[in-house]
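Structure, as C-alpha cells:
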Amino acid sequence: MLILMRGDATPEQIALVEATVARMGFRAQAMPGQQRVAIGVVGNDRRLDDTPLRGLDGVHEIVHVSAPYKQVSREWRKTPTIVKLDNGTEIGGDALVVMAGPCAVESREQLFATADYVRAAGATVLRGGAYKPRTSPYAFQGLGEEGLQLLAEARQRTGLAIVTEAIDIESAHACAEVADILQVGARNMQNFALLRAIGRIGKPVLLKRGPSATIKEWLLAAEYLLAEGNAQVMLCERGIRSFDDATRNVMDVTAIPLVQSLSHLPVVADPSHATGVRALVPAVARASVAAGAHAIIVETHPEPRRALSDGPQALTEADFRAMMAQLQAVAGALGRPLASL
Ligand code: PEP
Ligand code: MN
C-alpha cells in the first residue's frame with residue numbers, strides 16, 4: 001500500500017500518518033518526491049484495511065498495490081483448480097461440462113423425464129432447485145425436503161451429479177446431504193454468514209455472481225469460502241443488471257476470460273438467467289463456450305409452458321438437444337471435448 005500525501009502536506013501531517021502506520025503494526029517508508037511525499041507501507045503481505053488512514057489531514061490518495069482477495073487469486077495458486085465430483089465429472093479442465101435441468105424440482109415425473117433426456121444428450125450434472133429464492137413471496141417456493149429426495153433418486157437413476165441451491169444455513173445442511181454441488185444464488189452472493197457456513201461444509205460450491213456485483217466483490221465472496229478451507233469453488237456468471245430491460249439481465253461475457261485471468265477457479269456460465277428468454281439461450285451459451293467457460297448451467301423443462309418457475313427461459317427437450325450439438329461443435333473447434341460419464 002502506498003499513501004500519497006498532498007503537495008502542501010505539513011511535516012506534522014506526514015508524521016501523524018507515519019505514526020498511524022506504525023500503530024497498525026507496519027513500517028512507514030517515506031519517499032520524498034518533487035511534488036509530494038509518498039509513504040510506502042512495508043511488511044504487509046496482504047491487503048490492509050486503510051480506514052485509520054483515510055480521514056487523516058494531508059492524505060491525497062491511498063493506492064493498494066495488491067488485490068484485495070488472496071486465496072482465489074492466480075498469484076496464490078498457479079495451477080488451475082479442478083473441481084472433482086463423485087460421478088467422475090471434472091470442472092476446470094479441458095472438457096466442457098454441461099449442467100442442465102429444471103429451474104425447480106416440481107414432481108417425480110417432471111424431474112425424471114428431464115434427467116433422462118439431459119443425460120441422453122450429454123449433460124453430466126443435473127440442476128434443480130428444491131429451495132427457491134423467489135422475488136415474490138407468493139410464487140412457488142420449491143418442494144424443500146421432498147425435492148431433495150427426488151434429486152437423490154434422480155442421481156441414483158441416471159448417474160448424474162446434483163447441483164442444488166441452498167438459500168440459508170438451514171437449507172445448506174439439508175442440501176449437503178444429497179447435493180454434489182451446493183449452489184449459492186445471485187441474491188445470496190454477499191450473504192457472508194451463509195458463505196462461511198457453506199465453506200465449512202466443504203462440498204463443491206457454485207457461486208453465482210450477484211446481479212449488481214463487481215468482479216472484485218464476486219471474488220471476495222469466493223474468498224470467504226476459501227478462507228474457511230474449501231477450495232472446491234466455481235464462479236458462475238449469470239448476467240448482471242443494466243439500464244436496458246429488453247432481457248432479464250445482461251450476460252457479461254467479458255467476465256469469463258477476465259475472471260480466468262485473475263483467479264484459478266473454474267468459471268461456469270448461465271445463459272438462462274442471463275437472458276430470461278428461451279430463444280436467446282443457445283446463442284449466449286455458444287458465446288460463453290467460445291469465451292472459455294469451463295461449464296454451462298442451463299434450464300430445461302419437459303413442458304416449459306407448465307413450469308412453476310422460469311418457464312419463459314426453459315429450453316424444450318428438442319431445443320436442448322440442438323444446443324448440445326452446437327456446444328460440442330464450438331468446443332471442438334477450440335480443441336475441447338464434451339465431458340461424458
Ligand atoms: C437458479 O439458478 O435457479 C437461480 C435462482 O439463479 P440466480 O441465483 O442466478 O438468479
Ligand atoms: Mn431459474
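The values are calculated or read from the model by the stated rules, or taken from the named source; none is laboratory data. If you're wondering where the values come from, they're calculated on a predicted model, not measured in any experiment. No Cβ is skipped: glycine too gets one built from the backbone with ideal geometry, and neighbour counts run over all protein chains shown.
Descriptive notes on the structure:
- Only one of VAL259, VAL253, VAL268, VAL284 that is buried (at least 18 other Cβ atoms within 10 Å of the Cβ), away from ligand 2 (no atom under 14 Å from the Cβ) and in a loop (DSSP other than H, G, I, E, B): VAL253
- Pairs with Cβ under 8 Å, 6+ apart, first in segment 91-104 and farther than 21 Å from ALA115 by Cα, second surrounded by 24 or more Cβ atoms within 10 Å (Cβ to Cβ) and β-branched (Val, Ile, Thr): GLY92/VAL83
- Taking each residue of segment 312-327 that is at pLDDT 95 or above and looking for partners that are aromatic (Phe, Trp, Tyr) with beta-carbon atoms closer than 8 Å, six or more apart or interchain, yields GLU317/TYR117; PHE320/TYR117; ARG321/TYR117.
- Of all residues making up segment 121-153, the number that are more than 14 Å from THR164 (Cβ to Cβ), touching a strand residue (DSSP E or B) at 6+ places or on another chain (Cβ under 7 Å) and more than 14 Å from ligand 2 (Cβ to nearest atom): 3
- Some residue of segment 303-311 being under 19 Å from ALA95 (Cα atoms), in contact with a helix residue (DSSP H, G or I) (Cβ under 7 Å, 6 or more places away or on another chain) and away from ligand 1 (no atom under 16 Å from the Cβ): no
- Taken over segment 320-341, the criterion of being touching a Pro at 6+ places or on another chain (Cβ under 7 Å) and of a type in the set (S, T, N, Q) is satisfied by GLN326 alone.
- Here is the figure for segment 303-341: residues that are under 25 Å from LEU85 (Cβ atoms), assigned to a loop (DSSP other than H, G, I, E, B) and more than 12 Å from ligand 2 (Cβ to nearest atom) total 7.
- Segment 105-156, residues that are part of a loop (DSSP other than H, G, I, E, B), of a type in the set (A, V, I, L, M, F, W, C) and exposed (fewer than 15 other Cβ atoms within 10 Å of the Cβ): ALA139
- Any chance ALA318 is more than 15 Å from ligand 1 (Cβ to nearest atom), within 16 Å of GLY101 (Cα to Cα) and surrounded by fewer than 16 Cβ atoms within 10 Å (Cβ to Cβ): yes
- Taken residue by residue, segment 56-67 has at least one member that is in contact with an Asp or Glu (Cβ under 9 Å, 6 or more places away or on another chain), at pLDDT below 85 and within 15 Å of VAL259 (Cβ to Cβ).
- Test: VAL184 is surrounded by fewer than 24 Cβ atoms within 10 Å (Cβ to Cβ), in contact with a strand residue (DSSP E or B) (Cβ under 8 Å, 6 or more places away or on another chain) and over 20 Å from ALA285 (Cβ atoms): no
- Hey, GLY292 touching a residue at least 12 places away in the same chain (Cβ under 8 Å), more than 17 Å from the chain's Cα centre (by Cα) and either within 16 Å of ligand 1 (Cβ to nearest atom) or assigned by TED's automatic domain parsing to the domain that holds GLY129 (or both) or not: no
- On the stretch given as segment 287-302, residues that are away from ligand 2 (no atom under 13 Å from the Cβ) and within 23 Å of ALA120 (Cα to Cα) total 7.
- Of the residues making up segment 31-62, those that are among the acidic types (Asp, Glu) and part of a loop (DSSP other than H, G, I, E, B) are ASP45, ASP49, ASP50, ASP57.
- Cβ-Cβ under 9 Å pairs, at least 6 apart or on other chains, segment 109-138 side modelled with pLDDT under 95, far side of a type in the set (Val, Ile, Thr): PRO133/ILE167
- Only one entry of GLN71, GLN35 meets the criterion of being outside the structural domain of PRO266 (by TED's automatic domain parsing), touching a residue at least 24 places away in the same chain (Cβ under 8 Å) and more than 27 Å from MET234 (Cβ to Cβ), and that entry is GLN35.
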